[in-house]
Each structure stands twice: as structure tokens, then as C-alpha cells.
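Some notes on the structure that comes next.
The values are calculated or read from the model by the stated rules, or taken from the named source; none is laboratory data. Predicted model, so just to flag it, every value in this text is computed and none were measured. In this analysis, Cβ positions are derived from the backbone assuming ideal geometry, glycine residues included, and neighbour counts consider all displayed protein chains. Side chains included, ligands, DNA and RNA excluded: accessible areas come from the protein's heavy atoms. Shrake-Rupley method; radii C 1.70, N 1.55, O 1.52, S 1.80 Å.
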Amino acid sequence: MEMNIIEKLKIAELKGRGGAAYPTWMKWNLVKEAQGEKKYVVCNASEGEPGVFKDKYIFEHYSEEVINGMQLAMETVSAEEAYIFLNKEYFELFGDKLKKIIKHLNIKLFKKQGHYLSGEETTLLNELEWKRPEPRLKPPYPVTNGLFDYPTLVNNVETFYCVSKIDKDEYKKTRFYSISGDVKNSGVFELVEDWPIKKVLEETKNWPKIDFFVQVDGGASGEIFLPEELDCPARGNGAIIVYDKKMTDPMQLMRKWAEFFVKNNCDKCTPCREGVYRLKEMLDQDKLDKKIMEELFFAMEETAFCPLGKGVSRPFKSLIEKLKL
Amino acid sequence: MKKIDIIIDNKKITTEIGKTILEVAKENDIEIPSLCWHPDLDVKATCRVCVIEVKGKNCLFTACSTKVEEGMEIITDSPKIRKARKINLELIISQHREECGDCVYSLGCELLKMAKEYDADFQKYEDRRKDFPAYRFGPSVLFDSSKCINCRNCVEVCEKQGVGFLELEEKDNIWEVVPSKDPKKDCIYCGQCLTHCPVGAFEAIGEFEGSENVLIKEKGKTLVVQFAPAVRVAIGEEFGMEPGEDCTEKIAAGLKQLGVDCVFDVCVGADFTTNAEVEECVECITKNKNLPVLTSCCPAWVKYIEFYEPEFIKNLTTARSPHIILGGVLKTYWAKQQNKKPEDIVVVSVMPCTAKKYEITRKELEIDGMKPVDFVLTTRELAFIFKRHGIDLKKIKGVPCDNPFGDPSGAGIIYGASGGVLESAIRTAYKKLTGNDFPGLKFEAVRGMEGIKKAEVDMGGRIIKIAVCNGVGNAKKILEEVKKNPDAYQYIEVMACPGGCIGGGGQPVPMTPEIRAKRAKGLYKIDVNKRVRKAEDNPQIQKVYKEFFSDKEVYEKICYTKFSQKEKEN
């Protein structure tokens, strides 16, 4: 007997490619088992962090695979309806193309309205319901109480692509790396998922000859690594940004991050809303008050409402520590 | 509910599954500080002050949003917790422009209390919102956005009221609370934003600035103060008394000490309203005209109908609200009796309400160009004035209100609680139509704090279907029902605030369901001890009816009004 897709996902050890790396088979299973008059499947294509552009690449080259993955999901969890949540740019770029592939399938395209980070699932679901774009309290989780309170499977574009490949037995444990910054050969590359970052940069002819550092997992919330620390695989969304150490002004870089967070956070909770505001205020004044920063990061890490807020400190702390600022 | 055992701060507690840590802590008198949490509202978990530790878990959790689990060990105080609370408090303080002398939280400002407890530095950051604007909503409510801490309670409660006038707008990349520019949305002045704001960003217009002058007597004028039923069972809270304690005579004594000439009771006005309303209502019901009848003594509800649901304007009873009728009587009948010129009488109403400040600006209420009521003070404002003058209601020896309008029926007293207006009307109408007293003079089905109460009354062979709503959101549900089935009810009482006027926007804060229930209980206690229990039996109003209201034109002018569709005002 042919193996069902959930078993295949389990064997393939596929983890969500949006960044949180939750085992895909478990998520699918939870939605499948969940009780509900109705179920939804949602493809998260809200990709919006600087330096992350692999979903765009996947839509350019593999839209059929993504739709196929979604269709498999709909069949598996018994969802009659699905949405693709697209950021504004991707909606304009790929809307028509996707519609042609979707044809009679009950998959609708949704154009993201604001600029807030919708990578977080429940924020995305609120946007789909035309509610304020901010995270929901968890539990309950989307797998049981998702879109319009029905069990909902939310997966990233790349995850659906992988599902399709796994289903066709074509999956080779690869992932898509977005490589950018001070490199010669920027772009998106499909390579083995557990290759060390160093190898990824070398194989793509991107290993810099200059002194550099990299940011992994997003051009705002990603962590900073030094060249000698690149023997581990890239986590999260697989984005690698290379910075020329000599040419990069770390204060300017941090200001850029802070501005991104001020613009893209949802402002719901005190530590993230006010913490990021104070961080930006301080950096704009060209100050680096370590004591205040430690406090703000502590409050965000420990008490922010959602993972975005909890993760704000990561780039700043690692940059300050590693560049000995 | 399934029982589970948990431990909070080494104390073993048996509780039920489904509750949050904060709820269980409150039930067991364990203090966890919180700001955005309010028992009337959903858990939003925005302020992040109520953080606690759970043994075996690394990060902190918010007690308001985390549900208890079997065997959970919770720690509510540790260096880590204190540090997190202190930082978040400092961030909150940096949003909030302090103006502690002028704040609705005269006693018990949680933010200030916590700031002291956690040694929060007020000067750490410059106030982010120091230049933020203050918005005025009609003559009723002031929103000083330089004090807002973005907890969003006001937005939620405004939505719950079915109004949605307060909303979020992105300003310099931060979502801030603003009044809506949508032409289809307007403030109804209920003031529930104020009672649900944890940091006093809302206040009544006139509150603190200028309200005091209202009670300073001008030479040659007669200063009359009348106060509403709900005021007497709440004002004591501002002086450390229990909610529900009857302060009728203490208020009268305090006002006298301030030099007020006469102190009258709005409950006597309520007796007038009941009579006028029953007269109209009986006619509507017997002639099957403009049914269901909707009560109209709540000005926030009236504004809601006039703006949001104008097709129901014809259903509003045209009987004037209690303080407006009594004000009118004072400036006509009483003025003549006292040999005073009406323009020399200044009538001030002390009300549990911010919308009453709006009501008195209505042109159509004027009697021969004269306003029945000149000023409205909220319960809080009166307490503030008393305190300014060193009057402690807790200590003051009470005196009775003045006659001829100081002794209401019990029916007039219960006007302040949800269901009270309707019960008063039923007591009168029942007697009128059946010749008997309503059984026990107690209409249990319409009492209590539930948002919607329904009942049927047999009025001498005719069954009258009744609905009582508190909170406009609840009233909206009943209106939807009526739109589908016009015969669903014949008589509907609506009070815009939770629990009725006792939960009004002019009442002391904080305000919780328990506090409202105690205030309502206080009113019903006064009612049962009254000699006269039905409006029409009150000799004080009987006298006016006999001596003055026999002239139908005068009666109409003083006791009835009209309503009209309203355009957006804010």
C-alpha cells in the first residue's frame, strides 16, 4: 500500500521553512485530527524581511509545486478552502500566474494590506479576517482554532514546495538559501539543508576575500556570526547576508534594524512597542547605553507577546558582542 | 468544572481548570499587579506587568493570559520578576504624562502604587507623548492622549458598546488610539472608555478644571443642587467607604456645608418621569402605537438611537429624564412658590453620568428659553469638590434633603440600577390597569447585572413582553430582534452603562462587576425601607400635579420632549 503523505513527511523530517522549524508532519496531523465543520489551509507568502527573498524565487520557478503541495494539504486535512497570503509585491508579480495554475481549485489569493510582519501565523490569520494585524493569544493554536476559529494549517511557501517534492519522491533534503549583501554572486540557491554556512558560501562562490561577518535568518532579526563561526548550518528561513566589516558602520546597521522593527511590529505589547521605540531613539542619538539596552532586551526577551518581540534583541546583542562594540 | 491542585508562592490551592493564574490569585488574595486586565473585558495581555514565573519553565508568563494547569507551581515574586515589572513599568510611565493632582484615580492609582513598589524611575526616559493632543467629545468626555498607555481597553469597550468610535490609527509608525473620522461613527458620551482606562487618560469635561466654580454661589442667586439615585451609593468609595453605602444624607450635609441653598433629590424627579412615562406607555400599548416603547432617560442611549438607529426615534418615550423634569419644576412651580425669578435660580445636577452633560445642552429641553438644568457635575467631581473643601463624607453627620423635593418613593430610588426604570413603571402601570399592587412590589426578573433580562407581565389580561438591557451592545441585539419581529416586546428599558447608572461614566473608579453589584444592592435596600414605594403615591409630586400640572400645556412643556436624527458631532 502506498504510504500516506503524513508518514512521508515524518520520514523526510521536514520542518517548517517559515523560520520556526516546527515538524511539518505533526502540524498536518494536528489539523487532520482537529474537529471542525470546516478547515482551512493557508500558504504564508508574506515574506518581508530584508535579505529574505526565497519565496519570490520559488514562485518564479516552482509555483506549480507550491499549489500541488497546497492541494495535497487540503486533501489530507479535509480542507475545502485555502488562501495564499501574499505581500503586495508578490501579489502584483505572481497573482495572474497563480490564478492560472489554481484554475478550479478552491484556493484564493489574499493581498496583504499593511507593512507589519505577518510571518507570525496568528497575525496573518487576523489580517485574513480583516482584523487588526496583531498576534492572538495562544493557546488555542491555529491548528484547532485558526481562520474564523476553524482548524487551520498554515505553512510557508517553501514548505508546500517541499511537500510536493516529498510526495513525488523527489525530495533531496535541500533548502533555499537567500544570499545577499557584500557578495559577488547574490541570489537564491537550492542546496543541501544541513550544509555548514561556510560550505554554502563557498559552493555558491560567495566566500568573501575581505574581512566580514554574516547575518543569518533575516536582515533584521537574524543573528550575527563571524567567519570562524560558520561551521553550523543556516537555521530559520535560510537567509545569509554578508557584511564587509570595514565598510559597514555598525551603528548605521543597528539603526536600520531598529527602524525596521519600529515600522513592522504590531505595537500591541509594552516591551516591544516602547522598547523598540527607545532603542531607535537611542541609536538615532548615536548613543549605545549598554545598561539601558540590557534592560530593554531583557524585557523584550522575557515579556514580549510574540516571537517577533522576543527575538528583537538577537541581532543587536550578537553584533555588539561579536564586534566588541 | 474539573478540580486541580496548584501552588502559588508555596501555598497549595485547589481550583478549577479553565481559570487564569491571575483569576486564581485574586480569589486567594495573592497580589499580582496588573493594568490592562479588566473583568469586563477580554484578556488582551498588552501591558505585560503581571508577569510571573512557572517552575520548570524558563521564560516569564503573563498571569492574565496563562491558564492554570494541574500541578503548576507559580512564583509571583522573584528578582527576575521584579526586574521585568520595573522595566515595563518604566516604559509605561515614559508614555504617560503624569498629572496626578488632576486624575480620576483620586484614590488607588495602580500605576503610581506599582511605580513605588518597584522603584520605577519616572525620569528614565523623556515622555514619548508629551505633545500628544487632548480630544474633546462633545461637552462630555475628554481624552488626553498624552496619558494613554496603549492598553486598548477603551477601544475594546467602545466596540463592546456597539459604537466603535475609538479606534487605532498609525502615527509615526505606532498604532495610537484616536477618535474615528468615519462619518458613520460618533461618540455617545457614555464614558465607559473612562471607567475602563487604567491610567486616567479620560476624564469628564470640566472635571478638575472649573467644576468647583459651579458650586460657588453668585450674589443674588439661589443655588440648588439635585443628585441622582446612583450617586448616593457610590460617592462614599471616594472616601474609603464600601460601595453601596447610602450617602444620601451625607451628600446633603456636605452640600449644605458648601453653602448650597437647597438640596433636592433627583429620585423625586424620577417619580415625575415614571408618571409621565406610564401615561404615554399605556396609551401606546392600548392603541398599539409605536411599539415597542423604548425608555429614554439615558442620554447616551438616546444619542445612540438618534445617530445610529434613527428609525427607532419614534419608539423612544418622550417623557423627560428625572433631573430635567425636576429642574423644570424648580424653575417654574417652585420659583413661583418661593417668589423668585426663574433666572435667579441656578440648578446643578450631580449625576453618575458623562452623557448628562450633553443632555442639558439640548435646545428642545428649554422652557420658555430657559434651561431646566444649568450644570451637571459627575459623582467624581462632587467628591473632588468635597475633598478640596476638607469635607470628609465618611465623618460628616448627615442631614435630610430639603423639601418639597427631598423625599422620593422607593420606585424613584431604584432608577439608578438596570431594570429600575422599568420596575418603577410597572409598579405604577400595574396598579393603574389592574387596581392592585404588583405582587410584593418586587420585579425580580428585571433586577440583577445580566446584560439582557426578559420577562412577561400580565396586566389585567394583557400580557406585556419586556426586555431590559444594560450596555448598548446588548441593546443592539434586542433591536435586531425587534427588526425581525416587531411584536417581540412591548416595552424595553435600556441603560447604556453596565449595570445601569450605578456603572455610569461619571462614577468613581475603579469599577468592577462586584462594585456595581454592591451599588445596586444599596439602592434596593433603600427602596424597601421607603414608606412610599410607588411613584404616584409620592405626596410631593401629587401636590405639583394638583396645583400646577392640571394645566396640560404647562405639564407637556415640563414633562415631555422630542428627539431628532443627529449628524456626527465629533
Criterion (assigned to a helix (DSSP H, G or I) and not hydrophobic (A, V, I, L, M, F, W, C)) met by exactly one of A:Arg235, A:Arg255: A:Arg255
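Please tell me if B:Ile92 is outside any strand (DSSP E or B) and at pLDDT 95 or above.
Numbers: outside any strand (DSSP E or B): yes; at pLDDT 95 or above: yes.
Answer is yes for this residue.
Quick one: which residue in B:Ile492, B:Ile502 is at pLDDT 95 or above and within 15 Å of the chain's Cα centre (by Cα)? Even if it seems obvious, please write down each step before you answer.
Values: B:Ile492 fails: within 15 Å of the chain's Cα centre (by Cα).
It is B:Ile502.
On the basis of being of a type in the set (Phe, Trp, Tyr) and surrounded by 22 or more Cβ atoms within 10 Å (Cβ to Cβ), does B:Phe227 make the cut? Steps first, answer last, please.
On the way: of a type in the set (Phe, Trp, Tyr): yes; surrounded by 22 or more Cβ atoms within 10 Å (Cβ to Cβ): yes.
Answer is yes for this residue.
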Conditions (1) touching a residue at least 60 places away in the same chain (Cβ under 8 Å); (2) under 23 Å from B:Gln565 (Cα atoms): number failed by B:Arg388: (2)
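If I ask for residues that are among the hydrophobic types (A, V, I, L, M, F, W, C) and crowded, with 22+ Cβ neighbours inside 10 Å, which ones from the range A:79-93 would you list?
Of everything in the range A:79-93, those that are among the hydrophobic types (A, V, I, L, M, F, W, C) and crowded, with 22+ Cβ neighbours inside 10 Å turn out to be A:Ala79, A:Ala82, A:Ile84, A:Phe85, A:Leu86.
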Number of the condition not met by A:Gln35 [criteria: (1) part of a loop (DSSP other than H, G, I, E, B); (2) under 28 Å from A:Glu259 (Cα atoms)]: (2)
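Please count how many residues of the range B:17-57 are assigned to a helix (DSSP H, G or I) and either under 20 Å from B:Asn150 (Cβ atoms) or of a type outside the set (Asp, Glu) (or both). Full working, then the answer.
Step one: filter the range B:17-57 for residues assigned to a helix (DSSP H, G or I), giving B:21-27.
Restricting the remaining residues to those that are either under 20 Å from B:Asn150 (Cβ atoms) or of a type outside the set (Asp, Glu) (or both) gives B:21-22, B:24-26.
Result for the range B:17-57: 5.
Examine the range B:500-511 for a residue that is in the same structural domain as B:Ile313 (by TED's automatic domain parsing), assigned to a loop (DSSP other than H, G, I, E, B), surrounded by fewer than 21 Cβ atoms within 10 Å (Cβ to Cβ) and among the aliphatic types (A, V, I, L, M), and state whether such a residue exists.
No - not one qualifying residue is present in the range B:500-511.
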Helices (runs of 4 or more DSSP H) within the range B:335-441 that include 1 or more residues more than 25 Å from the chain's Cα centre (by Cα): B:335-338, B:420-434
Cβ-Cβ under 6 Å pairs, at least 6 apart or on other chains, the range A:222-235 side at pLDDT below 95, far side surrounded by 16 or more Cβ atoms within 10 Å (Cβ to Cβ): A:Ala234/A:Ile197; A:Ala234/A:Val216; A:Ala234/A:Ile240; A:Arg235/A:Asp217
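I'd like the full set of residues that are within 18 Å of B:Cys47 (Cβ to Cβ) and either within 12 Å of chain A (Cβ to nearest Cβ) or surrounded by fewer than 19 Cβ atoms within 10 Å (Cβ to Cβ) (or both), limited to the range B:149-170.
Pass one, the range B:149-170, residues within 18 Å of B:Cys47 (Cβ to Cβ): B:149-157, B:166, B:168.
Once the filter is applied, which keeps residues that are within 18 Å of B:Cys47 (Cβ to Cβ) and either within 12 Å of chain A (Cβ to nearest Cβ) or surrounded by fewer than 19 Cβ atoms within 10 Å (Cβ to Cβ) (or both), the range B:149-170 yields B:Ile149, B:Asn150, B:Cys151, B:Arg152, B:Val155, B:Glu156, B:Leu168.
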Residue count, the range A:199-219 (criterion: touching a residue at least 24 places away in the same chain (Cβ under 8 Å) and either in contact with a His (Cβ under 9 Å, 6 or more places away or on another chain) or of a type outside the set (A, V, I, L, M) (or both)): 10
Hits in the range A:279-312 (condition: more than 13 Å from chain B (Cβ to nearest Cβ), of a type outside the set (D, E, K, R) and either under 18 Å from A:Pro250 (Cα atoms) or not in a helix (DSSP H, G or I) (or both)): A:Leu283, A:Leu288, A:Val312
Residue within the range A:236-259 that is open to solvent by 20 Å² or more (accessible area, probe 1.4 Å) and modelled with pLDDT under 95 present: no
Where a residue in the range B:153-169 is free of Cβ contacts under 8 Å to residues at least 24 places away in the same chain and its partner, wherever it lies, is basic (Lys, Arg) and open to solvent by 10 Å² or more (accessible area, probe 1.4 Å), with Cβ under 7 Å and at least six apart: B:Gly164/B:Lys185; B:Leu168/A:Arg132
Breaking point among (1) at pLDDT 95 or above; (2) of a type outside the set (Lys, Arg); (3) farther than 26 Å from B:Val177 by Cα, for A:Leu288: (1)
